[in-house]
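Please read the structure below before turning to the comments.
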Amino acid sequence: MYLDHAATTPLRPEARAAMDEGFARWANPSSPHAEGRKARAALEDARERVKRALGWEGEVIFTSGASEAAALALGHAKAGARLVSAIEHDAVLKAAPEAERLFVKADGALDLELLAEAVQRERPLVAVQQINSETGNRQDMAAIAEIVRDAGGMVLADCAQSAGKLPLPDCEMAIVSAHKFGGPIGIGALLVKDFAMLDPAGGQERGYRRGTENMPGALGMAAALEACGERYIDPAILAPLDALAQACRDMGGTWLSDRLSSPTPFVRAIAMPAMSGSAQVMRFDMAGIAVSQGSACSSGTMKTSHVLQGMQVEPEIADRTIRASFGWTTTREEVERFCTVWLDLAKQ
């Protein structure tokens, strides 16, 4: 049973069918011959479908995923200082190692007063996750955008966890990853309001990204976005978590959603009393349930989560925290079983 949907979501059948179609007629979209031109037409159609599905009126640069999109934006944006929140995904932090870190409050919200001070410099680019991948907290992107724009800057929104689930925020650039909403692995996009905001990197994608375009992946990404419903997951499916939350509190554990400024339902961080997060991951795995300790890209390091550290979560609580995340394929029975196993482990 897979309850790590924040890492990747099962491929939607619509995306698989679209990819099969793409593989059946694949040719290099940059080739001038007839087959290449057909592939180019399919790629451009997918680009327009992605824009419509996301409600994006700017440009779409297809990438290999969110990490490449972040590196492209942070490395080539026509901006001055790079500012990133202290609880960003590792891919963003590594793409801008010299960027100034922006503090967040204990509830996971970006400190807007400190942000207003930090952006008082020439043309800042501010990178912020719309939904945090480890806690599920949602940032006030409208307030952030207002502060940044008043200072003449740009907002880079990491929407890897939110695209296909929530409307895109008002921003100059956005990062999207297909496998987070049931699309194929190995395809994502950097959304840009205007190409003039980026320095060209050379190569394909109108000169803004090197490498042969993944036409089948783009078709799958477009189909997956179109298949995303207005409601990503029915609240009734997650209803058993309410009882688990109360039991967690009663047993001396920590339900981190209680601390968050704006928790979202499909990512939950939970600290079990008297058992480390790494031990929990193994015990859940033995029970046939896949959960994680922090972001999938960094959980294998066995280090304390930088997200929880940035939120000033007590070290003993951070050490006992796991992440369970839920997707469009999650059933109520799976949630109930997760709750049962969690309680059994906590009682031990």
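Report yes if GLU117 is open to solvent by 10 Å² or more (accessible area, probe 1.4 Å) and either at pLDDT 95 or above or not basic (Lys, Arg) (or both), otherwise no. Yes, satisfied. I'd like to check something: does the range 295-307 contain any residue that is crowded, with 23+ Cβ neighbours inside 10 Å, part of a strand (DSSP E or B) and at pLDDT 95 or above? No, that holds for no residue.
Step by step: first the residues of the range 161-179, then only those that are of a type in the set (A, V, I, L, M) and either under 11 Å from the mean Cα position of the chain (by Cα) or under 24 Å from ALA196 (Cα atoms) (or both), then the one that is most open to solvent (accessible area, probe 1.4 Å). Which residue is that? Per the criteria, the residue is LEU168. Under 7 Å between Cβ atoms, at least 6 apart or on separate chains: pull out the pairs that start in the range 193-221 with a residue that is farther than 15 Å from GLY65 by Cβ and end on any residue that is among the acidic types (Asp, Glu) and assigned to a helix (DSSP H, G or I). From residues that are farther than 15 Å from GLY65 by Cβ, the pairs are LEU219/GLU21. Cβ-Cβ distances below 6 Å connect the following pairs, each with a first residue in the range 35-58 that is closer than 25 Å to ILE175 by Cβ and of a type in the set (Gly, Ala, Ser), a second residue that is open to solvent by 40 Å² or more (accessible area, probe 1.4 Å) and outside any loop (DSSP other than H, G, I, E, B), and a separation of six or more residues or different chains: ALA53/GLU226.
The set of residues from the range 222-244 being more than 19 Å from GLU333 (Cβ to Cβ) and touching a residue at least 12 places away in the same chain (Cβ under 8 Å) comprises ALA222, ALA223, ALA224, LEU225, GLU226, ALA227, CYS228, GLY229. Among helices (runs of 4 or more DSSP H) entirely within the range 204-289, having at least 1 residues that are of a type in the set (A, V, I, L, M), crowded, with 20+ Cβ neighbours inside 10 Å and over 22 Å from the mean Cα position of the chain (by Cα) singles out 215-227, 240-250.
Surrounded by fewer than 22 Cβ atoms within 10 Å (Cβ to Cβ), modelled with pLDDT of 95 or more, on the phi > 0 side of the Ramachandran plot and in a loop (DSSP other than H, G, I, E, B): does that describe GLY152? Considered against the rule, which asks whether it is surrounded by fewer than 22 Cβ atoms within 10 Å (Cβ to Cβ), modelled with pLDDT of 95 or more, on the phi > 0 side of the Ramachandran plot and in a loop (DSSP other than H, G, I, E, B), GLY152 comes out as yes. Screening PRO200 on (1) at positive phi; (2) outside any helix (DSSP H, G or I); (3) surrounded by fewer than 16 Cβ atoms within 10 Å (Cβ to Cβ) shows it passes everything except condition (1).
Out of the residues in the range 1-44 meeting the condition of being of a type in the set (A, V, I, L, M, F, W, C) and assigned to a loop (DSSP other than H, G, I, E, B), tell me which one is surrounded by the most Cβ atoms within 10 Å (Cβ to Cβ). That would be ALA6.
In the range 71-97, the residue that is most open to solvent (accessible area, probe 1.4 Å) out of those that are over 21 Å from ALA118 (Cα atoms) and in contact with a helix residue (DSSP H, G or I) (Cβ under 7 Å, 6 or more places away or on another chain) is ALA71.
This table checks each residue for (1) without any contact (Cβ under 8 Å) to a residue 60 or more places away in the chain; (2) within 20 Å of ARG259 (Cβ to Cβ); (3) touching a Pro at 6+ places or on another chain (Cβ under 6 Å).
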position	(1), (2), (3)
VAL84	yes, no, no
ILE87	no, yes, no
ALA106	no, yes, no
ALA109	no, yes, no
LEU112	yes, yes, no
ILE131	no, yes, no
GLY152	yes, no, no
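Residues in the range 45-61 that are open to solvent by less than 50 Å² (accessible area, probe 1.4 Å), out of contact with any Lys or Arg (no Cβ under 8 Å at 6 or more places or on another chain) and not hydrophobic (A, V, I, L, M, F, W, C): ARG47, ARG49, LYS51.
The values are calculated or read from the model by the stated rules, or taken from the named source; none is laboratory data. These figures come from a predicted structure and were not determined experimentally. Note: ideal-geometry Cβ built from the backbone for every residue, glycine included; neighbour counts use all protein chains shown. Note: accessible area is taken over every heavy atom of the protein model, side chains too, but ligands, DNA and RNA are not part of it. Shrake-Rupley method; radii C 1.70, N 1.55, O 1.52, S 1.80 Å.
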